[in-house]
Amino acid sequence: MTLCSGGKLLAQQAITVSVGAAERATIYDHVAAVGTLIAQEEIRVNALIEGKEVREILVEVGAVVSKGQPLAILDVAEASFALDRNTVQLSRAAAAVAQEQSRVDVAAVNEREARKVVERSRSLVGRGVVSQQLLDEHENAFSRVKSLLELAHQSLMLAEADRKLIERERADIALTIERSTVRATEAGRVLSRNARIGAMTSSLGAPLFILAKDGLIEMEANVSEASFVRLEEGMVAEMSVAGEHETIQGRVRLSAAQIDPFTRMGTVRLALDQRHALVPGAFVHGSIEVARRSNVTVPATAVRIQNGEASVFVVENDRAILRPVILGSPAGAAIEVLSGVKEGEIVVTKSGSFLKTDERILTVPTSGLKAGELSSLKAEESVAR
């Protein structure tokens, strides 16, 4: 080994290393999320009448339907027969009402005539023109006519009540026929079809159809307890879906009210960009951004881990000085340094594993460090020496 007059190593024998600068960058904290695509809101479409046979199915799985659109047709033969019978009954009831109305009209005419006779007899009985016996006969006749008129009114009321009852029955039959057409209660996409031709409807069975309301598909994810408490609605997410080459942007839409006490996991729902082909049931994974901050970073290759402790070689006066550091979150090819290195300091990025602290080095800047910055640094060190 050749020594100079001062007893120091010649520069030609110094170890050559690559160096880079500690830079300030934006650090993003993410929470990993794994889950499945589901409908944002599932709409279950059931038959509104039981015990009816499914006669026709009008839509299939995957179809996009509008609100009120027919999905299936049930058997209406019995209801159609009941409607025809009701039509006859309603005609009879209308005829009965008309007949009773005519009786009322006749009784009203007789009542008016009897009233006039009684009033005239009462005015003449005082003059002796009409006897008391004749007045009594007229009054009795008037009473009978009044009773007949009252009876006619009651008969008319009964006839009208019968007609209203038949009209109400007709409305019920018409409603049954209307409900025999199973319709979409909301607009959306058909996710599943349990309706089968020939099957009987029942409230105890599975819904005939399940729709995704408005066709909106989102992600349901489970995250760890520690990560769940950091999540808030509106946080940005980036997800990867099986079959999609591009990542899908999303946001936290809803968080569960509690953590599962058995799995120690929390459930969150993420609204996703609907411009992509999202299929319910597909596997989804990605991350949710929970925080961002500005801090000092160094290249990840500059960090040494020994015995569980992190350190970095910092260049000082053409020497590599080993400093312990506290690391934060990764930032791409770099890593956050919470303490130990300041912004702008030059660190060894490569060949650091062969160095010892306070060893003399020759520095070669990496692409992240400009030659001018390194020359300026060396000039400052020369002045310091």
Under the 7 Å Cα-to-Cβ spin-label approximation, Ser91 and Leu165 lie apart by a distance in nanometres of 2.2
Estimated dipole of region 154-230 in Debye, rounded to 20 [Cβ of Lys and Arg +1, of Asp and Glu -1, Cα centre] = 220
Which is farthest toward the positive dipole end of the chain among Ser339, Gly62, Ala300, measuring Cα position about the Cα centre, with Cβ charges +1 (Lys, Arg) and -1 (Asp, Glu)?
-> Ser339
Note to self: C-alpha centroids of region 86-116 and region 254-301 sit apart, in Å, by 77
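Could you state the per residue volume, in Å³, of the convex hull enclosing the Cα atoms of region 77-179?
71
In nm, what is the difference between 0.36 nm times the number of residues separating Arg264 and Ser102 and their Cα-Cα distance?
Gain in length upon complete extension: 50.2 nm.
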Signed unit charges on C-beta, dipole axis of the chain, positive-most listed residue Ile321, Ser202, Gly35 = Ile321
Report the charge-dipole magnitude of the chain in Debye, nearest 20, computed about the Cα centre from +1 at each Lys and Arg Cβ and -1 at each Asp and Glu Cβ.
-> 300
Considering Cα pairs under 8 angstrom that are at least six residues apart, work out the relative contact order of the chain and quote it in whole percent.
-> 29
Summed residue charge, Cβ within 12 Å of Arg253's Cβ, Lys/Arg positive, Asp/Glu negative | -3
Can you give me the relative contact order of region 77-179 as a percent, contacts being Cα pairs under 8 Å and 6 or more apart?
-> 50
For region 279-343 the translational diffusion coefficient, Stokes-Einstein from a Kirkwood Rh over Cα pairs at 20 °C and viscosity 1.002 mPa s, in µm²/s, is roughly 153
So, for the Cα atoms of the chain, Rg and Dmax in Å stand at 46.8, 171
Return one number: the angle in degrees, 0 to 90 and rounded to the nearest 10, between the long axis of the Cα atoms of helix 77-125 and the longest principal axis of the Cα atoms of the chain.
-> 40
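Where a number appears in this text, it was derived from the coordinates with a stated rule and is not lab data. These figures come from a predicted structure and were not determined experimentally. A quick note on method: Cβ atoms are made from the backbone with ideal geometry, for glycine too, and the neighbour counts reach across all protein chains shown.
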